[in-house]
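K.L.:
Have a look at this one.
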Amino acid sequence: MGRNFMRLAAGVLVLLAAGCGPEKSPPKPRVVVTTSILGDWAGRIGREEIDLVVLVPPGSDAHTFQPTTADAAAIESAALLISVGEGYESWLPGLIEATRTKAVQLELTRGMSLIEREEEDHDHQEHEGHEHAQGAEDPHFWHDPELAMQAVSEITDALKPLLPGREKNLDQRSDAYQEAIREAGEKIRARVAALPPERRKLVTSHDSFAYFAQRFGFEILGNALGSLSTEASRPSASELAALVAVIKDSGVPALFPETTLDSGLVRQVAKEAGVAVAPPLMAETLNPPGEPGSTYLEMLAHNAETICAALGLKK
Ligand SMILES: [Zn+2]
């Protein structure tokens, strides 16, 4: 009976203490995310091992979200807080300030090379909380599958300290999911390849598809709101007339409203330009669970299919 035995015995005691708490498992680390897209990603990596809270409900617009005290409470007790950043969640800094949260904060856009977009010059700056000034960085990175893979990888790394001993499992799930995203991106590329290059032109409700355009070779002709944010005010008659002229000139056959926005403005522009209105794109959020488009991969497929179909590709 030497030192080795004592060491072994001590080890067994530690194991017993960890494993035997009568039906008392350690509390799951709380992971708070802002949008349903981030929630889908975090949930696929952390699964039932994390206590996942999504602040902006699926189907709602994160630009205009109004947080409640329940949201502050969720952040207060979070171990990890994941957001898009770059002013996308204009309501988040104030919400964090209202708590004493010790959560690790992961802003996914921080490590990315972002697209700089020009805002059109109407009075959007009158809106409080609107953080997108002219020449702002575009936060809508999730429409590029490769940036989504980068985000999933960062989320995986951020979850590891919360789930010690589970690193390998997290990596396995992350690798498999990133592979699924990569394959979805390849499918889109193949679909787009069948679309004549002169038809690869997008007009949306607000400026939300620049990353999709950059990745898959589309040109952004303009957007009805003339803004990176849905909080923007209505553009002037002359701005709309200019957009109508660009659309007529381009020969683009359809415009794209978005699921979380009233389509009135897009319909008006489409009518004046004499072009069709496509089914709405999913720009900001997943659809509620149980509906088509309730996962990130479904959202990618829906948007690509809607765009390619409306711009003239037969299925
Ligand atoms: Zn947006």
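K.L.:
Can you report the number of residues in segment 150-181 which are without any contact (Cβ under 8 Å) to a residue 40 or more places away in the chain and either closer than 30 Å to Leu255 by Cβ or in a loop (DSSP other than H, G, I, E, B) (or both)?
P.N.:
2
K.L.:
Considering segment 202-236 alone, what residues qualify as being open to solvent by less than 10 Å² (accessible area, probe 1.4 Å), part of a helix (DSSP H, G or I) and out of contact with any strand residue (DSSP E or B) (no Cβ under 9 Å at 6 or more places or on another chain)?
P.N.:
Tyr211
K.L.:
Hey, another quick one. Could you list, in sequence order, all residues of segment 254-283 that are part of a loop (DSSP other than H, G, I, E, B) and over 18 Å from Glu305 (Cα atoms)?
P.N.:
Listed by number, the residues that qualify are Thr260, Leu261, Asp262, Ser263, Gly274, Val275.
K.L.:
Something else about it: Residues that are surrounded by fewer than 22 Cβ atoms within 10 Å (Cβ to Cβ), over 28 Å from the mean Cα position of the chain (by Cα) and more than 16 Å from the ligand (Cβ to nearest atom): does segment 274-281 have at least one?
P.N.:
Taking every residue of segment 274-281 in turn, at least one turns out to be surrounded by fewer than 22 Cβ atoms within 10 Å (Cβ to Cβ), over 28 Å from the mean Cα position of the chain (by Cα) and more than 16 Å from the ligand (Cβ to nearest atom).
K.L.:
I need the full set of residues from segment 36-62 which are among the small types (Gly, Ala, Ser), open to solvent by less than 10 Å² (accessible area, probe 1.4 Å) and part of a loop (DSSP other than H, G, I, E, B), in order please.
P.N.:
Passing the criteria: none in range.
K.L.:
Further question on the same structure: Among (1) modelled with pLDDT of 95 or more; (2) in a loop (DSSP other than H, G, I, E, B); (3) among the aliphatic types (A, V, I, L, M), where does Val192 come up short?
P.N.:
(2)
The values are calculated or read from the model by the stated rules, or taken from the named source; none is laboratory data. Please read all numbers here as calculations on a predicted model, not as lab measurements. Neighbour counts run over all protein chains shown; Cβ positions are idealised from the backbone, glycine included. Note: accessible area is taken over every heavy atom of the protein model, side chains too, but ligands, DNA and RNA are not part of it. Shrake-Rupley method; radii C 1.70, N 1.55, O 1.52, S 1.80 Å.
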